[in-house]
């Protein structure tokens with residue numbers, strides 16, 4: 001049953017991912033860093049400028065490997081994301097077997113329920129695609145959680161070392177890996193104080209910390225030496241003194257609403273399990289500690305501007321495991337009543353639950369594939385449209401702009417990647433001066449800073465694009481003040497069918513260099 005369930009989950013996930021099938025503009029930032037590493041030996045956005053404008057080192061290096069193998073990172077990132085998520089399904093099933101039958105290799109149909117829950121999740125499927133590191137980060141955190149659990153509760157002390165390795169690699173994939181390591185260590189130390197074998201538990205915790213440090217510390221030192229800062233430039237660009245707790249809290253709340261079936265089953269399990277059965281309580285406690293740490297962090301930074309909770313997707317495997325334990329506790333309680341209708345009741349409840357999950361997935365997909373901005377969050381349909389249109393714009397600049405020209409833009413992904421032009425990210429994600437010197441002034445996650453006009457003039461920018469204004473008719477001039485500073489408004493056709501035009505400001509003297 002477990003094998004059949006895993007195969008079903010895999011097919012469900014593949015089909016679910018195809019519903020979204022996109023690569024967001026932010027992914028092209030990593031692709032550009034990877035391209036410069038392969039072509040120029042520098043892990044930079046602009047050659048000669050050491051700025052850490054990415055927050056996914058391990059993923060960026062993986063994209064560089066694809067480019068070194070002469071593979072396109074756009075489809076390559078999607079294939080890598082799918083492979084990572086399929087791996088997460090398998091690891092989650094193995095994790096449940098450890099929870100349910102420690103030390104046994106015997107499988108059960110229950111092992112496949114958590115993978116099926118993941119495959120039915122729109123957020124999990126969406127960010128399996130997207131071109132970003134979310135799926136890899138989720139896989140690494142799930143591996144770290146399983147091995148740390150084995151060390152802490154199954155007596156496999158040496159497994160704590162592997163847990164630290166996986167957590168260290170997760171921290172190389174995303175900075176929140178450090179947050180996970182801290183939360184996992186806290187959980188382990190609390191359990192050690194309450195458990196009968198404190199010495200072994202403390203030894204496992206020390207192994208975990210030491211292995212994590214052995215992986216992460218050399219990278220941290222290299223990053224500090226190479227870029228000159230303790231944290232990525234994106235951290236400084238996105239940090240602000242602005243009040244972002246409210247949109248951040250709404251972001252977390254929306255995630256919990258979409259994951260309410262998992263939360264409810266977790267609560268049922270916590271209520272129904274007998275006092276002397278500690279394993280289910282411990283996995284629920286672990287899931288809650290990690291979830292609380294991530295939720296507070298994400299709420300503090302204001303959430304995200306992209307739909308379907310990519311920052312919280314890595315929590316889904318732990319939440320799904322805790323939910324399965326709750327579902328199993330509920331089924332046992334129903335069967336214990338010894339009613340002849342109990343099996344039929346359970347099958348009916350399972351069918352209704354499956355139908356509700358399917359309906360939710362269909363509704364969420366249809367809703368988010370409509371191109372729009374709602375409450376400051378770009379839908380997946382809008383992200384996909386941006387990526388397609390900005391790819392056309394980037395290729396136009398590559399074909400028509402002088403090789404030594406530069407541009408300033410807020411969408412620092414596909415257009416800089418395909419154009420190859422020196423680029424100033426107006427929002428400061430890849431620009432050190434903006435991230436550290438411009439005060440925050442915008443109440444939107446990841447978009448709190450904007451380069452002043454004087455800085456763009458000082459840098460001698462040739463094209464001022466700002467947010468790429470692409471329409472079916474030639475766009476009218478925006479920010480008309482640039483017309484008095486040596487720039488002219490220009491519109492060009494990117495395609496005929498359908499008609500797409502882009503407008504931007506261009507240095508009046510640029511024609512002399514063509």
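All of the numbers you see were taken from the coordinates with simple rules; none came from a lab. Treat the numbers as computed from the prediction; the structure is a model and nothing was measured. Glycine gets a Cβ as well: all are built from the backbone with ideal geometry, and neighbour counts include every protein chain shown.
A few comments on the model shown:
- Helix 380-400 axis, angle to the chain major axis (alpha carbon atoms, nearest 10°): 30
- Each of residue 360 and residue 50 was given a label point 7 Å from its Cα along the Cα-to-Cβ line. The distance between the two points is 4.8 nm.
- The stretch 1-83: translational diffusion in µm²/s, Stokes-Einstein, Kirkwood Rh over Cα pairs, 4 °C, 1.567 mPa s: 91
- Start at zero, step by 5 Å, and the Cα-Cα distances of the stretch 393-444 spread as 5, 21, 27, 20, 12, 10, 6, 1 percent across the bins.
- Percent of beta bridges antiparallel (DSSP, the chain, rounded to nearest 5): 65
- Remark: relative contact order (the stretch 380-513) = 21 percent; criterion is Cα-Cα distance under 8 angstrom and separation of 6 or more residues.
- Going from the residue with the fewest nearby Cβ atoms within 10 Å to the one with the most, 286, 11, 208 rank 11, 286, 208.
- Normalised Debye scattering of the stretch 1-151 at q = 0.11, 0.16 Å⁻¹ gives log10 I(q)/I(0) of -0.49, -0.86, counting only Cα atoms as equal scatterers and leaving out solvent.
- Helix axis angle, 278-300 relative to the chain longest principal axis, alpha carbon, degrees: 20
- Calculated SAXS-style log₁₀ I(q)/I(0) at q = 0.13 Å⁻¹ - the stretch 211-265, Debye, Cα scatterers: -0.65
- Over the C-alpha trace of the stretch 63-159, radius of gyration and Dmax come out as 15.6, 46 angstrom.
- Note on residue 72 and residue 450: with the Förster distance fixed at 30 Å, the Cβ-Cβ geometry gives a FRET efficiency of about 0.40.
- Helix 27-40 and the longest principal axis of the C-alpha atoms of the chain enclose an angle of approximately 70°.
- Cα convex hull of the stretch 380-513 - mean projected area over all directions, nm²: 8.4
- Each part gets one Cα centre, and for the stretch 356-377 versus the stretch 438-514 those centres are 32 Å apart.
- Pairwise FRET efficiency - residue 61 versus residue 336, Cβ, R0 = 56 Å, nearest 0.05: 0.60
- Sorted by Cβ neighbour density within 10 Å, fewest at the top, the residues 268, 225, 377: 225, 268, 377
- Orientation-averaged projected area, Cα convex hull of the stretch 458-514 (nm²): 4.4
- Sorting 374, 52, 176 by the number of Cβ atoms found within 10 Å of their own Cβ, with the fewest placed first, yields 374, 176, 52.
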